[in-house]
Amino acid sequence: MPNAKVLESKKAVVETLTGKIKEASSVVFVDYKGITVAQDTALRKQFRDAGVEYTVVKNTLTNFATKELGYDFSGILNGTTSMACTTGDPIAPARIVCEFAKKNKLPLSIKGGIVEGSVLSADQLNGFGELPSKDALVAQ
């Protein structure tokens with residue numbers, strides 16, 4: 001049985017994740033296995049430039065957070081998992097992951113996610129990789 005201090009810190013992490021997921025217009029879970037530190041740094045820079053928060057997450061704690069909000073991601077939250085979320089352009093996280101993986105020929109892949117309250121599969125989110133950014137659409 002974990003001690004009270006560890007349990008409290010885990011509860012705090014779940015609360016933080018719950019808040020981020022609840023506030024986000026888009027959340028994408030990514031399998032980052034197989035990328036180097038340099039590639040990860042480049043990916044993080046692209047996320048930062050687009051206003052997307054990108055963090056490595058613990059599967060169990062993330063599963064607790066998503067279930068608290070009424071989502072069930074227990075089938076995809078396994079292995080190496082990171083979370084890209086934004087309150088801005090809802091397509092940005094999925095688009096950046098797809099473009100980065102394609103450009104660098106990486107095994108980086110989307111596991112699934114939430115866009116504006118709707119749960120989307122990896123295939124649906126990968127389709128966003130073909131779309132231009134929100135700013136580009138507005139400019140057209």
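The values are calculated or read from the model by the stated rules, or taken from the named source; none is laboratory data. These figures come from a predicted structure and were not determined experimentally. Here the Cβ is made from the backbone with ideal geometry for all residues, glycine too, and neighbour counts use every protein chain on show. Surface areas here come from the heavy atoms of the whole protein model, side chains and all, with no ligands, DNA or RNA. Shrake-Rupley method; radii C 1.70, N 1.55, O 1.52, S 1.80 Å.
Would you point out the residue of region 107-121, among those that are out of contact with any helix residue (DSSP H, G or I) (no Cβ under 8 Å at 6 or more places or on another chain) and touching a residue at least 24 places away in the same chain (Cβ under 8 Å), that is most open to solvent (accessible area, probe 1.4 Å)? Among residues in region 107-121 that are out of contact with any helix residue (DSSP H, G or I) (no Cβ under 8 Å at 6 or more places or on another chain) and touching a residue at least 24 places away in the same chain (Cβ under 8 Å), the one most open to solvent (accessible area, probe 1.4 Å) is E116.
Looking only at residues in region 1-37 that are charged (D, E, K, R) and touching a Pro at 6+ places or on another chain (Cβ under 9 Å), which one is farthest from V56 (Cα to Cα)? Spell out the reasoning first.
First pass over region 1-37, keeping only residues charged (D, E, K, R): 5, 8, 10-11, 15, 20, 22-23, 31, 33.
Keeping just the survivors that are touching a Pro at 6+ places or on another chain (Cβ under 9 Å) gives 10, 31, 33.
On the way: K10: 15, D31: 10, K33: 11 Å.
In this case the residue turns out to be K10.
Taken over region 62-76, residues that are aliphatic (A, V, I, L, M) and more than 19 Å from A12 (Cβ to Cβ) amount to 1.
Assess whether F64 counts as being among the aromatic types (F, W, Y) and within 18 Å of F128 (Cα to Cα). Before the answer, list the steps.
On the way: among the aromatic types (F, W, Y): yes; within 18 Å of F128 (Cα to Cα): no.
Criteria not met by F64.
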